1. Which of the numbered conditions does GLU126 fail, given that it passes all the others? Conditions: (1) under 18 Å from the mean Cα position of the chain (by Cα); (2) part of a helix (DSSP H, G or I).
2. Could you check how many residues of region 8-48 are within 11 Å of the chain's Cα centre (by Cα) and part of a helix (DSSP H, G or I)?
3. Please work out if ILE135 is at pLDDT below 85 and either in contact with an Asp or Glu (Cβ under 7 Å, 6 or more places away or on another chain) or not small (Gly, Ala, Ser) (or both).
4. Kindly list, by first and then second residue, each pair from a residue in region 107-118 that is under 14 Å from LYS155 (Cα atoms) to a residue that is part of a loop (DSSP other than H, G, I, E, B) and modelled with pLDDT under 90, limited to pairs with Cβ atoms under 7 Å and residues at least 6 apart or on different chains.
5. Could you please let me know if ALA34 is among the small types (Gly, Ala, Ser) and at pLDDT below 90?
Amino acid sequence: MNTLTNDDLIKHYNTYSKMIYRLAFIQMKTKEQAEDILQDVFVKLMGYNNNFENDEHLKAWLLRTTINCCKDHWKSAWFKKRASLDEISEIPMQASPTNSIGFVTECVKKLPTKYRYIIHLYYYEEYSLKDIADILSLNENTVRTRISRARQLLKKYLGKEADNYEF
């Protein structure tokens, strides 16, 4: 058993916080909820008492923990019983073909959760299909099928703008 030092936590935060935030934001759809997930992940890391084999093991653990925290949030009674004013009051990023990054991000956010995870891990984190299958505990063929379906949906959402992107 090994506990992380403050220096280790700071180093891991500086190295992985943006990755965790991006994944949480794609899932949670608001900045505040993504920040909450980021905080939850690092609280769990502080309590984790086992050694990581290497940096890739730590990164995979952080990604899996982020996904689990997002799922836990969606299943929580608080989330199910609240009336969300966040989405109404929040000024969205201009999502139009002239603002490509915002437009594509909004299209990815429209995807069902099972596709968003895979798209994020494949395109943003640049994991192979085999690595994604390991992280999500899925069959590699399932990952391949889901990424194909996600690409089809993205092309549909992007409309004629899909010609500008390589999937």
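1. Only one criterion is unmet by GLU126, namely (2).
2. 14
3. In short, no.
4. LYS109/LYS29
5. Here the answer is no, as ALA34 does not meet what is asked.
The values are calculated or read from the model by the stated rules, or taken from the named source; none is laboratory data. Nothing here was measured: the structure is a model prediction, and the numbers come from that model. Positions of Cβ are generated from backbone atoms using ideal geometry, with glycine treated the same way; all protein chains shown enter the neighbour counts.
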